[in-house]
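Notes follow once the structure below has been shown.
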Amino acid sequence: MKFVSPQYKGENKGHYTPGIISNGLLFISGQLSIDPDTRKVAEGGIEEHTKLALSNLDRVLKEAGAERSDVVQCRVYVSDIDDWDKVNVIYAEFFGEHKPARIVVPVSKLHFGCLVEIEAIAEVK
């Protein structure tokens, strides 16, 4: 196993690694809509939260030498399923023509008051 940890300025007290490469796959831990450098939650609505969570996901991909097109599957946790259409628009802009397998999970509450959390599995070369 290889551990993948971007150099964040903020301290994360969670007992996990942002990404782990194992057997040619990168497993990315759930990325909340919180800035890992400032530890501030996204301001604004679900669109801003989704953009920040995807930016955090992208940061782990890049640290591992992977690209968005290498993502095989995503799990998207949303605190309000009524926001799904808005999340889907931002998600589609992020991935472009690439369409990873995906599951959407409505949850009642996410840590720190975040509105979205996204985890992923990607191939690494």
Next item on the list: Can you spot the lysines whose alpha carbon is less than 24 Å from Lys99's alpha carbon? Ignore those fewer than 8 places along the same chain.
Entry: Lys51, Lys62, Lys86, Lys125
Next item on the list: Show that you can apply the helix-only estimate: for the chain, add -39,500 (n - 2.57) for every DSSP H stretch of four or more residues, divide by all residues, and state [θ] at 222 nm to the nearest 500.
Entry: -8000 deg cm²/dmol
Notebook entry, point to check: Hey, could you pull the Cα Rg and Dmax for the chain, both in Å?
Noted result: 13.6, 39
Item checked: Per residue accessible area in Å² of the chain, where ligands, DNA and RNA are left out and the probe is 1.4 Å -> 58
Item checked: Hull-based mean projected area of the range 36-90, where the convex hull spans the alpha carbons, in square nanometres -> 4.4
Next item on the list: May I ask for the distance between the Cα centers of the range 1-45 and the range 67-99, given as a whole number of Å?
Entry: 17
Notebook entry, point to check: the range 1-52: Rg/Rh from Cα coordinates, Kirkwood Rh?
Noted result: 1.03
Notebook entry, point to check: For the chain, which whole-number percentage of the solvent-accessible area (1.4 Å probe, protein heavy atoms only) is attributable to carbon and sulfur atoms?
Noted result: 49
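The values are calculated or read from the model by the stated rules, or taken from the named source; none is laboratory data. Keep in mind it's a predicted model, so treat the numbers as computed, not measured. Keep in mind that these areas ignore ligands, DNA and RNA; they rest on the heavy atoms of the full protein, side chains included. Shrake-Rupley method; radii C 1.70, N 1.55, O 1.52, S 1.80 Å.
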